[in-house]
Structure formats: C-alpha cells, structure tokens
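The values are calculated or read from the model by the stated rules, or taken from the named source; none is laboratory data. Model, not experiment: these values are computed from the prediction. With ideal geometry, Cβ positions are generated from the backbone for all residues, glycine too; neighbour counts draw on all protein chains shown.
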Amino acid sequence: MATATREVYWNIEGEPWLYLLLIIALVIFSYGVYKRVILWKLGQPENRWKDVGQGVKDVIVYGLFHKRILKDPYPGLMHLGLFVGFVFLAFATAMITLQADFAMRIFHGWLYLFIKLTSNLFGLIALLAIMAFAYRRYIQRPDRLDNTPDDAITLALLFTILVTGFVIQGVRIAAVPDPWAAWAFVGQWMAIPLKAIFNQAQLLSLHRFLWWFHLVLAMTFIAYFSHSKLFHILLGLANQFLRKRGPIGIPDPIDFEDESLETFGKSQLREFSWKALFNTDACIRCGRCQDNCPAYLSGKHLNPKKIIQDMKVLMEETGAEVAETKKASVTQVAGQEAAAASEPEEWAGRALIGEVIPEQDLWACTTCRSCEQQCPIFVEHVDKTIDMRRNLVLMETRFPAEAQLAFRNMENNGNPWGIGWSTRADFLTSLGVKTFEEDPEAEYLYWPGCAGAFDARNQKVSAALVKLLQAAGVHFAILGNEEKCCGDSARKLGNEYLFFSLATENIEVMKGHGVKKIITQCPHCFNMLKNEYPQLGGDFEVIHHTVFLLDLVKSGKLKLSKSAGKSITYHDSCYLGRYNGIYEQPRELLKAVGLEIKEMAHTGEKSFCCGAGGGRMWLEENEGQRINEMRTDEAIAVKTDYVGTACPFCLTMIGDGIAAREVGEQLKALDIAEILEKSI
Amino acid sequence: MAKGIYIIVEQRDLKIRKVSLELLSQGRKIADETGETLVAVVLGHGIEGLAQTVAASGADKVILIDDEKLAEYTTGAYTSVLNKLIRKEEPEAVLMGNTAVGKDLAPRLAQRLGVGLASDCTGMESEEKNFLSFKRPIYAGKAFAYLTSNVRPIMATIRPNTFKADAPDASRQAEIVTEIAEIDTTDLSAILKEVAISASKRPDLTEANIIVSGGRGMKGPENYGMLEELADVIGAAVGASRAAVDSGWKEHKFQVGQTGKTVAPTLYIACGISGAIQHLAGMGSSKFIVAINKDPEANIFNVADYGIVGDLFEVVPLLTQEFKKLVNE
C-alpha cells in the first residue's frame, strides 16, 4: 500500500505570509499577556510555587481529566468535547508543523491516518460542543451565565474555524481523489455536494480562499487569546497548579506582635496578593459558585461570581490609574525614576468595601465553601471575604450590631452566649466526667465546645456521646472550666484579635496538660483545632465524634443493635464535609444501626448550608428567605422519620426550621450520637 | 473657699428624673462630709415649682434658669448656658446622670471648659487629695478604675441606679436663685421643632423593671393583647422571642435575645417561650424569672425561679385578674 499522506500546502502559494501573520499574532498575544501581568503585579507578593509535584498532579486531574468540570454533567461533557477536540487538533497541527517547518518526515502512514481520523471525529465533537454551548447560552439562558460580546465573538470564532477546516478538507477531497478519504469521513461526506456544485477551477480557488481565511481566523485566535475569555485555557490550568494547599477558607494569621503592621485585614485591592488578583482573571464566569451559594439562592444580594468579577473590574481601574500616575510623574519630572508601583498607595477611586462590594454582601457569607468546592479552577472566594471582614471589625468597627454581643460574651466568659465561665464544666461533671486536673492520665481530651457544655439541646448530644464513650471503655477527660470557645465564630467574623487571644489560651492550657488527642462533636471546633490551631503552634490529633464512633464500632469496642423500620436523611455539615472530606463515616454509622438513608436534593459536596457558619449563627437574617428554612424544606421533601446531623449549629438551625414549618410531629432532628445511643 | 458641688438636674415635662434625685442624695452625703455646698442647677421653662422638690432632696442652693429656649433639651442652648454659668460660678465639681442628655451634654461641656470627664461612673466618694474619687468599669467590666481629677471643675456623669434616692425632706429650705439664660446664638445650630412621642406609654424594654414576654406558644399576633393587659396592670414592658418576631407577630424592636435586646429586669415573665439558649442570652441576668409553658420539659424551667406548667391562655388571664385585685388594694 502506498504510504498514506497528503501534500502539505497543496494548492497554496505564499506560505511565507503565514509566518508574518504568525509573528503579528504572537506580538499581539504577548502584549495581551503583558497587560494582564502588570495588573496581577499590582498585588502583594505571595509564594505559590511550592509543591510543584502536587501542582502537576492537580493540572492532570482537574485540567486534563476535568474532574470538577464533569461534576455538572451537561456543560461538563460539552466542555470535555471541545477540550478533547482542541487537544487532537492541536496535536495534528503540531505534527504538521514538525513536518513543514522542522523537516521531520512524520506526517504519513499510521500517524497520518490517526491524525485524519481523530481530527475528524473529535473535530466534529468539538463543533457539536460549540453549537451546544451556543444553544445553552443563548436559547436556554441559565441564570448563572451572563453574556458579554466576548462570549459571542469567541463562540463565533471557534465555530467558523472548525467549519472552515472541515470545508477545506471537503473541497480538497472533492478536487483531488484521496485514497484515504474514508478516514477523513466528514470531509468525504462534504465532498459530495461540493463536487456537485462547483467545477474543478472553482474548487481550487475556493480551497485557496478558505485556506487563507481559516489561517487568518487561526491567527486571530492566537492574537485574541490573551485579550479574551480564551485566556482561561492557560490561566485556569495555572490556577489549578497554584491552588492553595494550606488550611482552606481562611487567610493567613495576623502577627499581632509585629509592630510595623499599620492596618489589619484588607480594604484595598492592592493589599491582596498577586494570586488573589490572578484569581479574578482566571475566573471564566461559569457561575457554578453562584448556583451553589446558599446566600444567593436564598435571595441575598451576595453573589460569589459577582464579587470576583467586580474585583476584576476594580483591578483594571486600579491598573489604569497607576498607569496614569506613572505617565504623569514621568512627564512631570523628566529623568527621574517613576514612582515604585509595588507599594499600595492612597487609592482615590471606588472603594473596594462599600462601593465595589456592598458591606452587607460580606456579612451574608456563611463560609460554607460551596463556591470554592464547585469551582473547577479553584478560585478562592472565602478567604477574601474574611480578610475584608477583618478590616471592618479590627479597623473600622463597622459590623452588625448583634456581633458585638457575641464578641463581648466570648471575651468575658469564653462563650458567645455570655453564660458564666465558671459553670462550663457543670453539666459534664454531673454526668460523672472527670477533668484533666482530676484525671491527668486520660488518653483523650473530650472537647464538648460551647454548645456541648451550655446549650440545653446540645447537652443531650454530649450526654449521648459520653454514654457511648463510656460503654466502649474510652479513657477520656475534659478541660472543664479551663476550656474556652475555640474561636471559630470570632475568626470567621473577622475578629482575628479575639480569636488570637482565645486560641493562644486554649493551646497553652492543652499543652500544659500534655493533651495529644482530642475528640469533639462540633465540626467548627474540629476544623479549628485540627486545621487552624497549628498556625498558632497547637498541634494535636483531632477526631470528630462520628469518625471516632465508627472506629469504635468497626473495632468491636462499641456494639450496636439494629433498629429496623426508620428512615433518615443525613445533612452534611459544611465544616465536616467540604472542609474536611468527612461524608461517608456518619452514613456508615447510620447504616450500622439499620436506618434507611435517603438523600436530600443537595448532598455530599453540594450539601446546602444550614446558614449558621461564618459567625452567622449570632447575626440576624434580614434579606430574602431563611437559609435554614430552605434546607429544612429539602429535608421535609425527602419524607423520612429523622434528619441526622453531626453539628450543634446544624442541629439548632434545622430544629428551628422544623419548628417554623410546624412539622415537629413528622420529622425529628437528631445528632448521630443521639441516634447511636438509642441502639447500644 | 468652698465653691460648691453642682448637680445638673435633669427634668422632662416638669418631672425630675430619678437619677438627679439619686445624685442629690449622694451629693448631700459628700457635702456634709466635706463642708461643701450642694447646688442644684435646673434648666427649663416654667420650672419654679421644681425648686422645692430639689431643695427637699438635699440641695443647699437651687439655681433656676428659666427660658423659653430651654423648654426642651437642645445641645446648643444647654451647653451655652451651662458653660457661661460654670465659668461665672467656678464650682468645685459638676455632676449629672449618664442619661441620653448627660451623654450628649457632659462631654461637650467638659471640652468647652477644658477639663476631663469621668463618664458612666458607678461610684463616687469624697477623697482627700483631690476632693472626689469616681469608680468606673473598664475593659467591658473586667476591672474598675478609680479616677480623680486635679483640674477644676471636676466633671463626671453617674450611671442611673448607682445611688439610692433618699426620701425627700419637705421641711428643707434652700436658697433659690434665678439666673438669666445667656444663650450664644451661634450655639443654636439646631432648633427643636417637634417632639413625636412614641405611641406606647409602656416603659422602654431595656429600662423596664418588669417584662412580660411572649414566644412561639402565643400562636398568633392577636393573642398579644392578653400580655399587654397583664403588662398594663403591673406596669411592665412587653417583649417577644425571636420565634414570635420571625413569624411576624411582633416587630423586631420587641425581640429579646442574642440578636435582639439584652434586658436585665427585676422580673421577667416568659409566656410560651421554650427557653432556647439564644433567648436566655438576652434575659438570663433577670433577677427573677417566671415561666409559663405547657411543656414540662421546656428548658425555660431550668432557669426560672417560678414555673407554671399550664396553658398560658388560661394562666395569663388568671394572673391579670389576681394582680388587678392586688393593685386595687
């Protein structure tokens, strides 16, 4: 068989123009990159280049294999179609370039046929994807997509490039017999009508015209790349590579001993790091964050996508202003260096907090991190919100009035309700639990948290847990009155100083007792002790009670009987699930006692927040619907006997929701510990 | 040379506020100890009748400044008049209650006079070196500071309910002096046009001694009439739990709790309130708590001093009846 191939540049003259156009395109492309880079450099330095190995893995998993993109199957598959099409067409172009420009004779034989086939197959899939994109964007018009001219241009550009590519192939096959045309099945199919309509001379000129047209479009693609949403192709991958690998959902701690710090928290765009600004460019406006934000879905003004995009606009305004100032100072003072642009100067444009982002939006966030969890390219929304809250609390004293009471109570009595600190141990010691003072040899520290110690409803959970631990023979003790609020609400509300004082005291006390392992029933305490206390020197092994109980059951130390007949829906707490990946263990426990589990509409990674996180437990909710009532409605819709929780906040919020909907007879909210306790 | 302890007496609608009487009592004790004169300054319009009340409460001298422009409290007029008076008379100390008026007037006056101000004090005693020592809470109540001043006049505002107002002695005579109000018109940056009295004649929730509060058990906004009746009989304010406010039965200003008002009355009557911790955070420091709830397991019974397990729709009217009888005796 003659070697399969085709003549590169068949029927084409003037190839050197190609290189000229390419150079022009690359210059425009580079300029576009440069323009964005100087915007990112408006931010502060931050080292994100550590852990390169993991970064490469992330790009492969999340970029190449579309791990998060595919979680939304309809747009995800479409995107995969376009992506794969691109990959194969890029591969084809690369091979041809090697042959044409680097004189590597590879474009023949099996490689040629492979390229032919895959280009046609995946090119067609890509074309269908583009059409599906356009249909979704312009006909179906989902809420989470906003439409700009850039969207239309990009779609039109890609569509035309793909279509002309196929037509060129079709014209060539129509003009010149191709023994391997079957491999280029799209072109082969097109050749039939083309041959019927045009004569040979027409086919040749049509081919030439289309080839150059296609080339110009391709060069336009390259030039337009860094000036449009197409840039997400590189920036998205980069954002996956650079994603945060430290404790999530929280900005860096503030070193209060540092006397040179003039401000706390961030109120200006330029105080954020370059990576934060980079985020805003990488964001492709897919809107999954918006689609999953409990605040947005319950009618609050807060919209995570809007925050990121509005910050991008501010970044551009800031960049323009900085460029103006530079120009002015250069013309004013000839021969002198322009002012260094790396220091955040007094910004006279729109205020980040207040004008660009309304303050109420900052307070509406429950820090549930569903936005970050759904984002396919790991944009970070929550730590910015907290950083801005810090500024409002620590510098401006501008925060919801209800928070003042919670702060003061945490300061004075180590719990947000302001109940006397000296009564913290009362309930637990009444159950016979010893403090570390009385029992210094205890293996585990049991950390009930403020709710477990003071809240009548949650005390029942503590009682259940204590019973279970005692039944399994676990040797544990409590800190008693020495325990203070873990500081989660304070920190998430932006009161970093209050958090700092609570946390450092707790860490000292625990270290003083030689605490190594901690069991807690509250995911906020759990996340705080496990992931955030290490920032201040507290390194302990922290276990959530559901995980611990499951271990006890699996190892046989805790024996449960099955109670058949009842059904339950389990509410994944944000701080247990999204923050710490604990989804299965509570469910396994429920199965172990013979409950039938039915899932709510939002479950697992997409679990709908109860509304209490981010310090919102202590605030009034005045906008839109009540988040907790929305979640309760989801639970009611599943028609189970129970709704199971593993968090005192969730228990309270869903309990309140049940009372508000007056379904207390049909549905009961219970903690996992309470459910297990009934079965020992 | 004795220069006098000046108490700025606060009056509204020709009724002297309780805190001024408390200050006069304490001022009297200190004046007796130190041999100083206790002078009461009253501003207003048509206030001649108040002189005797003030004298009976312990003042040696009463200065009345009567002027149309002083009929209602305005920052500008009162500051102007008192500034001139104090500069003329040069008292040893100028004291007033830490009320809304006091918080507005005292700092402004102190600044005009160029002296410091000890505000929201919870104690006042005579002191050897500097005549008066004031006690005030600092760091959100974690510690107390004792302050003295080495400039004159000493200025302080005192928290209401810090001192007890002694029983008035009607036989007491005081020197009564009328002064002309000297008002600098440049101070009159705001003119009071109208005072809209809020419709409720019930005491303000945060200041009330007795509060009758309704929760989810009230079942509807129309049933609050029952609580209002009881409140009127015993002179209480009416409150609500968050559940009631969320259901739209009462406005947010009536909400007692973590995200509402924090109250510390002598008596808190909780009707149909379960006693969730968020509510307790707002009323837990009440002196006495009475709970009425048909659920014997309700958490409110763990904090109540007296609990009635029953249907509030039966109990509350019964209470109203009984209290009416007591009040009429």
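The number of residues in segment A:621-640 that are aliphatic (A, V, I, L, M) and touching a residue at least 60 places away in the same chain (Cβ under 8 Å) comes to 4. With respect to the numbered conditions (1) within 12 Å of chain A (Cβ to nearest Cβ); (2) under 24 Å from residue A:615 (Cβ atoms); (3) not aliphatic (A, V, I, L, M), which one is the sole condition not fulfilled by residue B:253? Against the list (1) within 12 Å of chain A (Cβ to nearest Cβ); (2) under 24 Å from residue A:615 (Cβ atoms); (3) not aliphatic (A, V, I, L, M), residue B:253 comes up short only on (1).
Are any of the residues in segment A:396-412 in contact with an Asp or Glu (Cβ under 7 Å, 6 or more places away or on another chain) and acidic (Asp, Glu)? Yes, there is a match, as at least one residue in segment A:396-412 is in contact with an Asp or Glu (Cβ under 7 Å, 6 or more places away or on another chain) and acidic (Asp, Glu).
Matching residues to (1) in the same structural domain as residue A:475 (by TED's automatic domain parsing); (2) surrounded by fewer than 22 Cβ atoms within 10 Å (Cβ to Cβ); (3) in contact with a His (Cβ under 7 Å, 6 or more places away or on another chain):
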site	(1), (2), (3)
A:359	no, yes, no
A:365	no, no, no
A:423	yes, yes, no
A:426	yes, yes, no
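Of the residues making up segment A:502-532, just one is closer than 20 Å to residue A:477 by Cα and among the hydroxyl-bearing types (Ser, Thr, Tyr), namely A:520. Against the conditions (1) more than 21 Å from residue B:12 (Cα to Cα); (2) part of a strand (DSSP E or B), residue B:94 satisfies every one except (1).
Can you tell me which residues in segment A:631-662 are away from every other protein chain (no Cβ under 14 Å) and of a type in the set (A, V, I, L, M, F, W, C)? A:635, A:636, A:637, A:638, A:643, A:646, A:647, A:650 - these are the residues of segment A:631-662 that are away from every other protein chain (no Cβ under 14 Å) and of a type in the set (A, V, I, L, M, F, W, C).
Among the residues of segment A:382-420, what is the count of those that are surrounded by fewer than 17 Cβ atoms within 10 Å (Cβ to Cβ) and either away from chain B (no Cβ under 11 Å) or in contact with a strand residue (DSSP E or B) (Cβ under 7 Å, 6 or more places away or on another chain) (or both)? Number of matching residues: 4.
Quick one: is residue B:213 surrounded by 22 or more Cβ atoms within 10 Å (Cβ to Cβ), within 14 Å of another protein chain (Cβ to nearest Cβ) and modelled with pLDDT of 90 or more? Judged against the criteria, residue B:213 is not a match.
Taking every residue in segment B:298-313 that is within 14 Å of chain A (Cβ to nearest Cβ) and pairing it with any residue that is assigned to a helix (DSSP H, G or I) and crowded, with 20+ Cβ neighbours inside 10 Å, at least 6 positions away or on another chain, the pairs with Cβ-Cβ distances below 7 Å are B:303/B:280.
Considering segment B:62-88 alone, what residues qualify as being closer than 20 Å to residue B:153 by Cα, among the aliphatic types (A, V, I, L, M) and assigned to a helix (DSSP H, G or I)? Hits for segment B:62-88 are B:81, B:82, B:85, B:86. Looking at segment A:533-542, is at least one residue surrounded by 14 or more Cβ atoms within 10 Å (Cβ to Cβ), assigned to a helix (DSSP H, G or I), among the hydrophobic types (A, V, I, L, M, F, W, C) and in contact (Cβ under 8 Å) with a residue 24 or more places away in the chain? Yes, that holds for at least one residue. Looking at the structure I just gave you, is residue A:557 free of Cβ contacts under 8 Å to residues at least 12 places away in the same chain and either part of a loop (DSSP other than H, G, I, E, B) or in the same structural domain as residue A:670 (by TED's automatic domain parsing) (or both)? Considered against the rule, which asks whether it is free of Cβ contacts under 8 Å to residues at least 12 places away in the same chain and either part of a loop (DSSP other than H, G, I, E, B) or in the same structural domain as residue A:670 (by TED's automatic domain parsing) (or both), residue A:557 comes out as no. Restricted to segment B:237-248, and to residues there that are within 13 Å of chain A (Cβ to nearest Cβ) and in contact (Cβ under 8 Å) with a residue 12 or more places away in the chain, the residue that is farthest from residue A:656 (Cα to Cα) is B:248. Of all the residues in segment B:257-294, those that are more than 21 Å from residue A:648 (Cβ to Cβ), part of a loop (DSSP other than H, G, I, E, B) and more than 11 Å from every other protein chain (Cβ to nearest Cβ) number 8.
Yes or no, residue by residue, for (1) under 20 Å from residue A:565 (Cα atoms); (2) modelled with pLDDT of 95 or more:
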{"residue": "A:618", "(1), (2)": "no, yes"}
{"residue": "A:623", "(1), (2)": "no, no"}
{"residue": "A:628", "(1), (2)": "no, yes"}
{"residue": "A:632", "(1), (2)": "no, yes"}
{"residue": "A:645", "(1), (2)": "yes, yes"}
{"residue": "A:651", "(1), (2)": "no, yes"}
{"residue": "A:654", "(1), (2)": "no, yes"}
{"residue": "A:659", "(1), (2)": "no, no"}
{"residue": "A:670", "(1), (2)": "yes, yes"}
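Residues in segment B:47-54 include none that are over 17 Å from residue B:177 (Cα atoms) and in a helix (DSSP H, G or I). Is one or more of the residues making up segment A:452-465 crowded, with 24+ Cβ neighbours inside 10 Å, part of a helix (DSSP H, G or I), more than 14 Å from every other protein chain (Cβ to nearest Cβ) and not aromatic (Phe, Trp, Tyr)? So far as segment A:452-465 goes, yes, one or more of its residues are crowded, with 24+ Cβ neighbours inside 10 Å, part of a helix (DSSP H, G or I), more than 14 Å from every other protein chain (Cβ to nearest Cβ) and not aromatic (Phe, Trp, Tyr).
For residue B:156, are the conditions met, namely being in contact with a strand residue (DSSP E or B) (Cβ under 8 Å, 6 or more places away or on another chain), at pLDDT 95 or above, more than 21 Å from residue B:32 (Cβ to Cβ) and assigned by TED's automatic domain parsing to the domain that holds residue B:11? Answer is no for this residue.
Could you tell me how many of the residues in segment A:237-253 are more than 19 Å from residue A:54 (Cα to Cα) and surrounded by fewer than 18 Cβ atoms within 10 Å (Cβ to Cβ)?
2
Among the residues of segment A:177-206, the ones that are farther than 25 Å from residue A:128 by Cβ, assigned to a loop (DSSP other than H, G, I, E, B) and either in contact with a helix residue (DSSP H, G or I) (Cβ under 7 Å, 6 or more places away or on another chain) or modelled with pLDDT of 90 or more (or both) come to 2 in all. Taking segment B:295-329 as the search range and keeping residues that are in contact with a strand residue (DSSP E or B) (Cβ under 6 Å, 6 or more places away or on another chain) and part of a strand (DSSP E or B), which one is surrounded by the fewest Cβ atoms within 10 Å (Cβ to Cβ)? If we take residues in segment B:295-329 being in contact with a strand residue (DSSP E or B) (Cβ under 6 Å, 6 or more places away or on another chain) and part of a strand (DSSP E or B), then B:306 is surrounded by the fewest Cβ atoms within 10 Å (Cβ to Cβ).
Within segment B:97-122, the set of residues being at negative phi and either in a loop (DSSP other than H, G, I, E, B) or surrounded by fewer than 17 Cβ atoms within 10 Å (Cβ to Cβ) (or both) comprises B:98, B:99, B:100, B:103, B:104, B:107, B:111, B:112, B:115, B:116, B:117, B:122.
Looking at B:93, B:71, B:118, B:145, just one residue is under 30 Å from residue B:193 (Cα atoms), away from chain A (no Cβ under 14 Å) and small (Gly, Ala, Ser), and that residue is B:71. Taking helices (runs of 4 or more DSSP H) as the structural unit, those lying wholly within segment A:52-153 and holding at least 2 residues that are at pLDDT 95 or above and of a type in the set (A, V, I, L, M, F, W, C) correspond to A:73-102, A:109-134. Here A:525, A:485 are screened, and the one residue that is within 14 Å of chain B (Cβ to nearest Cβ) and closer than 30 Å to residue A:397 by Cα is A:485. Considering A:573, A:567, A:555, the condition of being away from chain B (no Cβ under 14 Å), small (Gly, Ala, Ser), under 30 Å from residue A:510 (Cβ atoms) and in contact with a strand residue (DSSP E or B) (Cβ under 9 Å, 6 or more places away or on another chain) is satisfied by A:573 alone.
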